[in-house]
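Student: Quick one: the structure is below, questions incoming.
The values are calculated or read from the model by the stated rules, or taken from the named source; none is laboratory data. None of the values given here were measured: they were computed from a predicted structure. Neighbour counts are summed over all protein chains in view; Cβ atoms, including those assigned to glycine, are modelled from backbone coordinates with ideal geometry. Remember, those area values only see protein heavy atoms, side chains included, never the ligands or the DNA or RNA. Shrake-Rupley method; radii C 1.70, N 1.55, O 1.52, S 1.80 Å.
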Amino acid sequence: MSFNGYKDKIEEGDRVILYLTISNVYSIQAVAKTLNKKGVEVDNVFQTPYGAIKCIDLIGKCYGSKISLSKGWGYVLQPTPELWTLTLPHRTQIIYTPDISMIILQLEIFPGSVVIESGTGSGSLSHALIRAIKPTGHLYTFDFHEVRTQTVLQEFKDHGLSDYVSVIKQDVCMVGFGEELNGKADAIFLDLPLPWKAISHSVKVLKKPGGRICSFSPCIEQVQKTCTELSEWGFQEIETMEVLQTQYSVQTKNLPVMNLDFLKTKRNNDNPDEKRERENKSMLTCIAPSQMPGHTGYLTFATLYPT
Ligand SMILES: C[S@@+](CC[C@H](N)C(=O)[O-])C[C@H]1O[C@@H](n2cnc3c(N)ncnc32)[C@H](O)[C@@H]1O
């Protein structure tokens, strides 16, 4: 499957990213049939603002190729964790790419790492973690919600990622992560409403010395409780940060440009009225966003050393 390595052509069952415009990106599965709301098998047709697409027609097309729709065109792309985060079906709030980048960097996750995550939610972060730890590492992802664990398990299977991930249905605040993982994890990531209740359990499964933890929380009160608990359990280098991405737009604009010849002629008293000090020129430039990006959450990191 295309999540697990690149391939040239779309095969039956592949997850494909349909890119129409920057704000019209979709994920579709290249299968001929699907079930409608009544549970009846029907042709798998995907509707877009630029026309409908029969998913079976994608099979055999080259990844990256342009496809025609009745009112426009688009591109069919290989799925990546970044594109999956943009297009996945939301079953919960999810972690987005700017935070994911910081989490993977700060948790020092690399191929071969053993990582624990809770909760799994919609599997947005999980896909990026799996790519980072492949091919020799493993992700243990915990969620206490039955349907979410079943759904994400099927997604990992469909995406060819089952070998790198174990999905466990468990309340990590009540019972922790299980004795078999004691001392095995290089890193732990918590995206829970009450993360401070999972800190004592995290201490058991993290490698000592040097195991890293990250907790994502939208509210500062959650951060305060988590930091207090981390400190009580001997974590060090406790640090909280917020990642705010500023995305510039590249556009061609008419901009005033200083006319240096004018300044020279002005100095020489050479027809100063014929030229202007500034001229408008069409230039490729970057436009800063008119609004600041919204708050997603605080990331708290810490390291476990033997005390
Ligand atoms: C916000 S979602 C996680 C989203 C995920 N990080 C993503 O990027 O898709 C939080 C998840 O934590 C799970 N959860 C909450 N409390 C839990 C607990 N005590 N043990 C296990 N899972 C829990 C919820 O069921 C929910 O699916």
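Student: Taking R0 as 35 Å, what FRET efficiency do you get between TYR305 and THR92 from their Cβ-Cβ distance, rounded to the nearest 0.05?
Tutor: Details: r = 33 Å, r/R0 = 0.94.
Efficiency, rounded to the nearest 0.05: 0.60.
Student: So what is the relative contact order of the chain, in percent, for Cα pairs below 8 Å that sit 6 or more residues apart? The partial results should precede the final answer.
Tutor: Numbers: 604 pairs, mean separation 41.9, N = 307.
Worked out over the chain, it gives 14 percent.
Student: In addition: Please report the projected area of the chain's Cα convex hull averaged over all directions, in nm².
Tutor: 23.8
Student: Could you tell me which residue out of SER65, SER122, SER202 lies farthest along the dipole of the chain toward its positive end? Charges go on the beta carbon: Lys and Arg +1, Asp and Glu -1, centred on the Cα centre.
Tutor: SER65
Student: Related question: Order the following by accessible area, largest value first: LYS38, LYS7, LYS169, LYS207. Probe radius 1.4 Å; ligands, DNA and RNA are ignored. Could the numbers behind the result be given before it?
Tutor: Values: LYS38 180, LYS7 45, LYS169 105, LYS207 80 Å².
From most accessible down to least: LYS38, LYS169, LYS207, LYS7.
Student: Another question, if that's okay. Too long at a 31 Å Cα-Cα cut-off: which of LYS9/LYS169; LYS37/LYS169; LYS7/LYS169; LYS169/LYS207?
Tutor: Correct reply: LYS9/LYS169; LYS7/LYS169.
Student: Leaving ligands, DNA and RNA out of it, work out the accessible area of TRP196 with a 1.4 Å probe and give it in Å² to the nearest 10.
Tutor: We get 50 Å² for TRP196.
Student: Using the Cβ atoms and a cut-off under 12 Å, what net charge is assigned to the surroundings of ASP191, where Lys and Arg are +1 and Asp and Glu are -1? Write down the numbers at each step before the final one.
Tutor: Working: positive: none; negative: ASP99, GLU117, ASP143.
My count for the surroundings of ASP191 gives -3.
Student: Here's something else I'd like to know. Gap in Å between the Cα centre of the stretch 142-187 and the Cα centre of the stretch 17-57?
Tutor: Each part's Cα centre sits 29 Å from the other's.
Student: Another question, if that's okay. Spin-label point model (7 Å from Cα, Cβ direction): what's the LYS54 to GLU232 distance in nm?
Tutor: 6.4
Student: I would also like to ask the following. With angles folded into 0 to 90 degrees, how steeply does helix 146-158 sit against the dominant principal axis of the chain? Use alpha carbons for both and round to 10.
Tutor: Value to nearest ten degrees: 60.
Student: How far is helix 97-106 tilted, in degrees, relative to the longest principal axis of the Cα atoms in the chain, given as a value from 0 to 90 rounded to the nearest 10?
Tutor: Value to nearest ten degrees: 60.
Student: So what does CYS214 come to for accessible area, using a 1.4 Å probe and Å² rounded to 10?
Tutor: Surface accessible to solvent at CYS214 totals approximately 0 Å².
Student: Based on Cα positions only, what radius of gyration and what Dmax would you give for the stretch 15-79, in angstroms?
Tutor: In Å, with Rg to one decimal and Dmax whole: 11.8, 35.
Student: Could I ask something else about it? Using the Cα centre of the stretch 1-130 as the reference point, and only Cβ charges (+1 on K/R, -1 on D/E), how large is the resulting charge dipole? Debye, rounded to the nearest 20. Let's see the in-between values first.
Tutor: Numbers: 11 positive and 11 negative charges, 106 e Å.
The dipole of the stretch 1-130 has a size of about 500 debye.
Student: Largest first, what is the accessible-area ranking of PHE46, PHE110, PHE301, PHE3 with a 1.4 Å probe?
Tutor: PHE110, PHE46, PHE3, PHE301
Student: Straight-line reach from LYS61: which aspartates and glutamates fall under 14 Å, measuring Cα to Cα and dropping same-chain residues less than 8 apart?
Tutor: Candidates past the 8-residue exclusion: ASP8, GLU11, GLU12, ASP14.
Student: With +1 on each Lys and Arg Cβ and -1 on each Asp and Glu Cβ, how big is the dipole of the chain about its Cα centre, in debye rounded to the nearest 20? Write down the numbers at each step before the final one.
Tutor: Numbers: 31 positive and 33 negative charges, 160 e Å.
In debye, rounded to 20, the chain gives about 780.
Student: Over the chain, with a Gaussian network built from C-alpha contacts below 10 Å, which listed residue (SER124, SER215, SER27) shows the highest mean-square fluctuation?
Tutor: Of SER124, SER215, SER27, the Gaussian network model singles out SER27 as fluctuating most.
Student: Per residue and in cubic angstrom, what volume does the convex hull of the Cα atoms of the stretch 124-215 have?
Tutor: Convex hull volume per residue, Cα atoms: 99 Å³.
Student: Calculate, in nm to one decimal, what GLU12 and LYS71 gain on full extension: separation in residues at 0.36 nm each, minus their alpha carbon distance.
Tutor: Extending this stretch completely gives an extra 18.7 nm.
Student: Given springs between every Cα pair under 10 Å in a Gaussian network model of the chain, which of SER122, SER282, SER113 has the largest fluctuation?
Tutor: The residue that fluctuates most here is SER282.
Student: For the stretch 190-243, count all C-alpha to C-alpha pairs, find those more than 13 Å apart, and express that count as a whole percent of the total.
Tutor: 55
Student: Next up: What residue among THR252, THR92, THR141 has the largest mean-square fluctuation in a Gaussian network model of the chain, using Cα springs under 10 Å?
Tutor: So, out of THR252, THR92, THR141, the one fluctuating most is THR252.
Student: Ranked by accessible surface with a 1.4 Å probe, highest first, in what order do ILE100, ILE287 come?
Tutor: Working: ILE100 10, ILE287 55 Å².
Greatest to least solvent exposure: ILE287, ILE100.
Student: Rounded to the nearest 10 Å², what accessible area does MET258 show when all protein chains are kept and the probe is 1.4 Å?
Tutor: 80
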